[in-house]
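The values are calculated or read from the model by the stated rules, or taken from the named source; none is laboratory data. In this text, all values refer to a predicted model and were calculated from it rather than measured experimentally. Because the Cβ atoms are built from the backbone with ideal geometry, glycine has one as well, and the counts that use them run over all protein chains shown. Side chains included, ligands, DNA and RNA excluded: accessible areas come from the protein's heavy atoms. Shrake-Rupley method; radii C 1.70, N 1.55, O 1.52, S 1.80 Å.
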Amino acid sequence: MAVSLRSWVANEGGKHLVLMLWVGTNIWLFLKTFLLYSSGQQYHYLYKMLGLGLCISRASASVLNLNCSLVLLPMCRSLLTFVRGTDTVSSRKTRRLLDKSKTFHVACGVTICIFSVVHVSAHLVNVLNFSVSYSDDFPALNLALPGVTGVLLTLILFLMFMSSSYSNIRLIHVFTTSGALKYQTNIDAHPPGCLRANQSSTGSQGKELDRGEDEEQRCREEAHFQPHYPQTWLWVSGPLCLYCAERFYRYVRSSDPVTIVTVIKHPCDVFELRMLKKNFRARPGQYILLNCPNVSSFENHPFTLTTCPTENKETFGIHLRVVGDWTGRFTEMLLPQPRIGLDVLPMLQQRRYPKLYVDGPFGSPSEEVFNYDVSLCVAGGIGVTPFACVLHALLDGWTGFRLQRLYFVWVCRELQSFYWFAELLCALHHKLWQENRPDYFNLRLYLSRADGLQSMPEEKYRPLASRLLVGRPRWKLLFDEIGKTNKDKRVGVFCCGPKGISRTLHRLCNSGRSSGATFEFNKESFS
């Protein structure tokens, strides 16, 4: 499948440009610091003492400083949500780059881990070289507190890296900036024209050396070594304060528990949760973080909003599928099993829900559905949730967006899964027919695994039954059809589902088409 340059630039150009700038900055910092310590006169004798280990350890420390200052910025979710929601601040291309914030966060984290290994290895070489050149005459060069803290921080980094890789939740970082030696710069000050074996020479002294004049000249003062003061705080203090301020803001915002209004159980172990929170505002496509202390006080789980608050309705809702321990225990608390052995049941029993906290909302790629003239939304199973809120917005009559046509493809393994939002799809279908806009919403349902002939027999679901197909979508034919219908237009492709579907759609978006339509790929992810 041939790759179109125009499509590749639209989907990959901005990401690779930022990547090249980031890699180039790392390389430039590494080389600049390496050359400074290898050829700088102020580090001449320290370089002679420690060798290349000095240059590599300091150069890797510069790379660590840069990435430690950048690693927290993609985790400022509220700030990114604000930037994404402000049209005067960001364009659509900029907002699409923000969708890669998690990838950039992971890239910075991996770089920190790699160069921490390089940094520590270089310091081990420095320790060996230093032991050979050890002298009691200069105690400032000996091991100091940074050596101990550096070892402890490296150990913490290793433990966090192993735990984050195992759980596959997120990469957690430790700022490792200190090493095994407390580096010095040679010679704080000494009288002009004097030279000692442990001092750095000035330019004029270098000329004297070259001419071989007065090589036995001595100073009357002892050499003074100036400590190399820590500089990492200059790099990380700004992003760290920004991140702490955002965490404090999120803590205050999520400190009040929400009110659980209703809990509805759907087929295939899916639960719908309707909640109410004062002054809660959200846009279609955004997600929230749920925290239930009765299940786990330290776990926050992301869920996409399926309904947003409106002027007529202040409640908001999510759909969650029972997968894993947390969702299993949480749903058991929402709908506990009835007790067995009771002869008399009360006619009216007040339901008591667990305490629940909500952090958010936060931005996601699905917000861009309304910013294209034509959008294609592809959902796999429970991945339909980001687009359910979009459909609710269309049903509620939201205005002020440029969307003119919406293609919606939903792939499920079980027929019962379509009942999660069957009423919503039918209601939107009827509304558009009444408004004489049947072509606005193009709906296709695919049942990927069917045991015999299956359909939706209910009369009220007839619009869905006529659009239900058995088998998997033929993606290339679908893209060709959309491209011919929307020539020379930019089509936003949004995917939330299995990796196989995502990879296929991404590859098709980068391929060339004779219709001239450009497909811009957007994948749902929780940063």
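Only one entry of 380, 397 meets the criterion of being over 17 Å from residue 317 (Cβ atoms), of a type outside the set (S, T, N, Q), in the same structural domain as residue 502 (by the TED database) and touching a helix residue (DSSP H, G or I) at 6+ places or on another chain (Cβ under 6 Å), and that entry is 380.
Based on this model, can you work out whether residue 505 counts as surrounded by fewer than 18 Cβ atoms within 10 Å (Cβ to Cβ) and of a type in the set (A, V, I, L, M)? In short, no. When the stretch 128-156 is filtered for residues that are at pLDDT below 80, surrounded by 14 or more Cβ atoms within 10 Å (Cβ to Cβ) and not in a loop (DSSP other than H, G, I, E, B), the ones remaining, listed by number, are 130, 141, 146, 147, 149, 150, 151, 153, 154. Looking only at the stretch 247-292, filter to residues that are among the hydroxyl-bearing types (Ser, Thr, Tyr) and touching a Leu at 6+ places or on another chain (Cβ under 7 Å); which one of those is farthest from residue 82 (Cα to Cα)? Looking at residues that are among the hydroxyl-bearing types (Ser, Thr, Tyr) and touching a Leu at 6+ places or on another chain (Cβ under 7 Å), I get 259.
When you scan the stretch 447-461, do you find a residue that is buried (at least 18 other Cβ atoms within 10 Å of the Cβ) and within 33 Å of the chain's Cα centre (by Cα), even just one? Looking for residues that are buried (at least 18 other Cβ atoms within 10 Å of the Cβ) and within 33 Å of the chain's Cα centre (by Cα), one finds at least one in the stretch 447-461, hence yes. Going by the conditions given, is residue 466 among the hydroxyl-bearing types (Ser, Thr, Tyr) and open to solvent by 30 Å² or more (accessible area, probe 1.4 Å)? Against the criterion (among the hydroxyl-bearing types (Ser, Thr, Tyr) and open to solvent by 30 Å² or more (accessible area, probe 1.4 Å)), residue 466 qualifies. What are the pairs, 6+ residues apart or on separate chains, where a residue within the stretch 227-254 that is among the polar types (S, T, N, Q) has its Cβ under 8 Å from a residue that is open to solvent by 40 Å² or more (accessible area, probe 1.4 Å) and modelled with pLDDT of 90 or more? As it stands, the answer is 254/357, since those pairs meet every condition given. The residue of the stretch 431-457 that is modelled with the highest pLDDT, among those that are basic (Lys, Arg) and in a loop (DSSP other than H, G, I, E, B), is 437.
Conditions (1) more than 30 Å from residue 520 (Cα to Cα); (2) buried (at least 17 other Cβ atoms within 10 Å of the Cβ); (3) in contact (Cβ under 8 Å) with a residue 60 or more places away in the chain, marked per residue:
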| position | (1), (2), (3) |
| --- | --- |
| 33 | yes, yes, no |
| 47 | yes, yes, no |
| 60 | yes, yes, yes |
| 68 | yes, yes, yes |
| 76 | no, yes, yes |
| 98 | no, yes, yes |
| 101 | no, yes, yes |
| 112 | yes, yes, yes |
| 118 | yes, yes, yes |
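Are any of the residues in the stretch 240-247 among the acidic types (Asp, Glu) and at pLDDT 90 or above? Yes, the stretch 240-247 contains at least one residue that is among the acidic types (Asp, Glu) and at pLDDT 90 or above.
Sub-9 Å Cβ pairs linking a first residue in the stretch 415-429 that is more than 17 Å from residue 273 (Cβ to Cβ) and open to solvent by less than 20 Å² (accessible area, probe 1.4 Å) to a second residue that is β-branched (Val, Ile, Thr) and assigned to a helix (DSSP H, G or I), at least 6 apart or interchain, are 417/382; 417/384, ordered by first then second residue.
Quick one: is residue 397 at positive phi, out of contact with any Pro (no Cβ under 8 Å at 6 or more places or on another chain) and of a type outside the set (Asp, Glu)?
yes
When residue 460 is tested against the conditions (1) in a helix (DSSP H, G or I); (2) at pLDDT below 90; (3) in contact with a Phe, Trp or Tyr (Cβ under 7 Å, 6 or more places away or on another chain), the lone failure is (3). Annotation note: of 304, 310, the sole residue that is among the hydroxyl-bearing types (Ser, Thr, Tyr) and modelled with pLDDT under 90 is 310. Every condition in (1) among the hydroxyl-bearing types (Ser, Thr, Tyr); (2) open to solvent by less than 30 Å² (accessible area, probe 1.4 Å); (3) at pLDDT below 90 holds for residue 254 except the one numbered (3).
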